[in-house]
Amino acid sequence: MEPSAADRTWADALRRRPAVLVAVALMAGIACHARLPHQPLLWITATLLFLATSWRWVRQPTAAALLLAAVFSAGAALAQFRAFYWTISDIALYTSEQQRLAQLELRIIDPPRILVGPPTAMRPIPPKQVTRAQVLRVKTWDGWRDTTGGALVQIEEPHPRLHVGQTVRVLGRLQRPAPAANPGQFDWADYYRQQRILTSITIPRASNIAIIDEGSPSLLDRLRASVRELLAAGFTPSQSIDHALLRALLVGDPDPELRDIQDQFKRTGTSHHLSISGLHVAVLGGFVFLICRLARLRPRTTATVTLAFVVLYGIVALPSPPVVRSVLLCAMFAAGLLSGRSVDAVQLLSITAIVMLIYHPLDLFTPGFQLSFGTVLGLFLLTPAFTKLMQSFRDRDLMLAPKQPGRIAAAGRWADSQMFAAIVTGIVAWLVSMPLIAWHFGQVNPWAIVGSIALALPVFAALICGLLKVVLTIAWPGAAEVWATIAAWPIALMRQMLTWLDAMPGASVPLPAPPPYLLALCYTLLLASVFLRARSGLRWTLITLAIVSYLAILALPVRQAVMQRVAAGDDLRVTLLYVGAGQCAVIEPPGGRTMVVDAGSTSLSDLWRKCLGPFLHAAGKTSLDTVLITHGDADHTSAVADVVSVYGVREVLAGAYLAPNAVGDSAAEGVLASLDDLDRPPRIVSPGDVLPLGRQTRVEILWPREGMALQDNDSGVVMKLSHAGRTILFPADIEDAAMAELLKQPASLKADVLIAAHHGSSEKLTAAFVTAVDPSAILSSNDRTLTHKQRTFETLIGDRPLYRTHHCGAITVTIGGDGSLRVEPFQQTGAAPPALTLPAIR
């Protein structure tokens, strides 16, 4: 039977693009590496056998299949070596989950960066220095031993003289990078593991660092530093944000000053403009190409100069999958043009993916790699077909009308064609990237296409102005301020447009990660509707099904809300988040008012960005109803103003002593001033007040009484949360004075769950207070290192289970409508007590 024309077309396409099948086989092997037996030597042996068999004994079709099997096995072996195997001298062997004092010799391999709190933070966070280093030696009881492996270095008091290439001897706290401790939180342990870093060392003081070899920066390091100095020249301190944004756009350098702007890019679905992408490389390369053509250089010379610039730009810019991919693609295109050979974009993209995955196979699982290659591949494959489809909806009479003479008419036609191409490109890019963005980041933006097109012009102008700023500063250093002012103009326009886009309704919609089968269905139907040669009716059916599959992803928030409501029923959820040295609890009553009790930490900067925000995003919540401030200490209030501003909190509650005790406390005064600016001054609650949160849920205020001389801790609001016959007591940070007054009515303290007072610290009356409460479980929010009073507390509570956040991560208490109660830690570690379940109340 003769193959059909369609089959011959697909076969011819695959023969012209053999790298496509090789790339698919390699990706399949890497994707399956964790599910296959963890024996990389076995897969290397299989690779060699497949290669030998295909070369020796079989005909061509079978040989091709065996070659693909060999590539699959090689991909599995590469990924397993990268993911599971380290040397026997790796520093990770000296590291555990608990901090331990260690002395190491390191070689700094990344430029040290200073991290500070965001400029909008209500409480300034001390700066911290971070870098990565190669571990050379570790001091043991038997002396110094040679080691290998990388380490994340965090310096709590920045050292002014550190730079790349130095060898230093440090004394600090060694431990493994911490995994995610709260639902929705970024997993830094997994992130650094993918970079083969299993160790983190925290250095408390700069004096703990001794530079034993200054080393010498490499030529590449000096080149990168020189370019950044030229870019920075002429910018004044008042233009620091403009400079930081231009530097991020042009060379990919992150900067703590850009955190708010980065959040705006994410919310508007335009974050691809902020990070260096293939489009950035294409714009700059195209600009250089245009200059060469205007200079009337020969085509081969123009291609050579453009290639040299792209390679140089890739070397200077911060390395990332999009940059490497773009540089490799441009180099291959230029090589093909210079050699006079035809080039195929999909073939070259496949070769680029193969090269990058051989070097770093686990990049396959990163959002940057998937979005970068997936979007570019989608643009290559789908843009022509979508252009034809979109043209079918245009007015044919206008398209067939005779062209009007004149430059104005020609300019209008050119602008129309460019706008049409931009719209098609934006639609294709959105269709390809939207499921992946939903999968990795849990959000979707309905204005992403409009925002991307609107920001394209100022972003491209900023890139070109930034490049000219470097070149002109070399040519005329004395006019650096003038060049900086010109380069800042498109940056200012971009920031203004970003603010407008961020103010659009529904700028960021929380989206649960779609199931894998839905992602596969979306892409399968999208490709089939474009490439399958079928009758018109069948093709439109496929297009309709593809649209339905995308709408199914967009409808996931509604489905999640319905499923959560059905699953929760009459359940109350209370989550005590892990925030280090601080406290923050989220109360989610069934169908009622979501309430946050305190939001502060003295060890975690950006609490709402790093902890509370991701938790609420994972829960599908974009607003909050109520925030209760128990008292004015910074470890309970540092993020309150940010939370009120970001989540549109309707009401802030506090005790009568909050304002009087804030006098002289700059942090507490700052919080109150910020709340006044937000038109959310705290409403005072007093003992006896009852706040309904839902049909079966209420909060009763027990303390403090007015008219007493109370210090800050003893003036904290004590509240009891009730639901379906079960109760949870929140006693803030009260100490003996408040406990003595509350113990005068011990029956009012009885509760099923106790949130330990003052982060689980002991006082003289702690034992009597816990006995009066008589809880079935005690929860405590505390930092990793326990104080003497916290250890004493553990001896005073008897055999009651104690859940501390530094062992358990977030702790969730669920009370069912029937009175059943369950306490469940987020992290199931050996130090965490097992989950506790109490039966329904009958």
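The values are calculated or read from the model by the stated rules, or taken from the named source; none is laboratory data. Just so it is clear, the model here is predicted, and its values are computed rather than measured. Because the Cβ atoms are built from the backbone with ideal geometry, glycine has one as well, and the counts that use them run over all protein chains shown. Accessible surface areas use protein heavy atoms only, side chains included; no ligands, DNA or RNA. Shrake-Rupley method; radii C 1.70, N 1.55, O 1.52, S 1.80 Å.
Cβ-Cβ under 8 Å, sequence separation 6+ or interchain: first residue in the stretch 298-313 and without any contact (Cβ under 8 Å) to a residue 24 or more places away in the chain, partner basic (Lys, Arg). Which pairs? These pairs meet every condition: Thr302/Arg293. Within the stretch 199-221, the set of residues being within 30 Å of the chain's Cα centre (by Cα) and either open to solvent by 40 Å² or more (accessible area, probe 1.4 Å) or without any contact (Cβ under 8 Å) to a residue 24 or more places away in the chain (or both) comprises Arg205, Leu220, Asp221.
Scanning the stretch 738-758 for residues that are part of a helix (DSSP H, G or I) and open to solvent by less than 20 Å² (accessible area, probe 1.4 Å) yields a total of 5. Scanning the stretch 795-842 for residues that are surrounded by fewer than 17 Cβ atoms within 10 Å (Cβ to Cβ), farther than 25 Å from Ala618 by Cα and hydrophobic (A, V, I, L, M, F, W, C) turns up Leu796, Ala831, Ala840, Ile841. Checked against (1) surrounded by fewer than 19 Cβ atoms within 10 Å (Cβ to Cβ); (2) over 27 Å from Thr787 (Cβ atoms), His723 passes all but a single condition, namely (1). On the stretch given as the stretch 762-807, residues that are without any contact (Cβ under 8 Å) to a residue 60 or more places away in the chain and polar (S, T, N, Q) total 8.
Checked against (1) touching an Asp or Glu at 6+ places or on another chain (Cβ under 8 Å); (2) open to solvent by less than 10 Å² (accessible area, probe 1.4 Å), Glu735 meets all criteria but (2). Residue count for the stretch 466-492 under the criterion of being within 29 Å of the chain's Cα centre (by Cα) and open to solvent by 80 Å² or more (accessible area, probe 1.4 Å): the result is 0.
Taken over the stretch 641-655, residues that are open to solvent by 30 Å² or more (accessible area, probe 1.4 Å) and either in contact with a helix residue (DSSP H, G or I) (Cβ under 7 Å, 6 or more places away or on another chain) or of a type in the set (A, V, I, L, M, F, W, C) (or both) amount to 1. Can you confirm whether the stretch 265-273 contains a residue that is modelled with pLDDT under 85, open to solvent by 40 Å² or more (accessible area, probe 1.4 Å), among the small types (Gly, Ala, Ser) and in contact with a helix residue (DSSP H, G or I) (Cβ under 7 Å, 6 or more places away or on another chain)? Within the stretch 265-273, one or more residues are modelled with pLDDT under 85, open to solvent by 40 Å² or more (accessible area, probe 1.4 Å), among the small types (Gly, Ala, Ser) and in contact with a helix residue (DSSP H, G or I) (Cβ under 7 Å, 6 or more places away or on another chain). Does any residue of the stretch 285-296 turn out to be over 22 Å from His360 (Cα atoms), modelled with pLDDT of 85 or more and not in a helix (DSSP H, G or I)? Yes, because at least one residue in the stretch 285-296 is over 22 Å from His360 (Cα atoms), modelled with pLDDT of 85 or more and not in a helix (DSSP H, G or I).
Only one residue in Arg161, Arg169 is in a strand (DSSP E or B), touching a strand residue (DSSP E or B) at 6+ places or on another chain (Cβ under 8 Å), of a type in the set (Lys, Arg) and closer than 20 Å to Asp110 by Cβ. Which one? Selected residue: Arg169, the only one of Arg161, Arg169 that is in a strand (DSSP E or B), touching a strand residue (DSSP E or B) at 6+ places or on another chain (Cβ under 8 Å), of a type in the set (Lys, Arg) and closer than 20 Å to Asp110 by Cβ. Filtering Thr727, Thr697 for residues that are in contact with a Pro (Cβ under 6 Å, 6 or more places away or on another chain) and under 28 Å from Leu821 (Cα atoms) leaves a single hit, Thr697. For the stretch 444-465, the candidate set comprises residues that are in contact with a Gly (Cβ under 6 Å, 6 or more places away or on another chain) and surrounded by fewer than 17 Cβ atoms within 10 Å (Cβ to Cβ); within that set, the residue that is modelled with the highest pLDDT is Ile453. Can we say Ala751 is among the small types (Gly, Ala, Ser) and out of contact with any Ser or Thr (no Cβ under 9 Å at 6 or more places or on another chain)? Here the answer is no, as Ala751 does not meet what is asked.
When Ala709 is tested against (1) modelled with pLDDT of 90 or more; (2) more than 40 Å from the chain's Cα centre (by Cα); (3) not basic (Lys, Arg), just one condition goes unmet, and that condition is (1). The residues in the stretch 680-713 that are in a loop (DSSP other than H, G, I, E, B) and within 24 Å of Gly725 (Cβ to Cβ) can be counted, and the count is 8.
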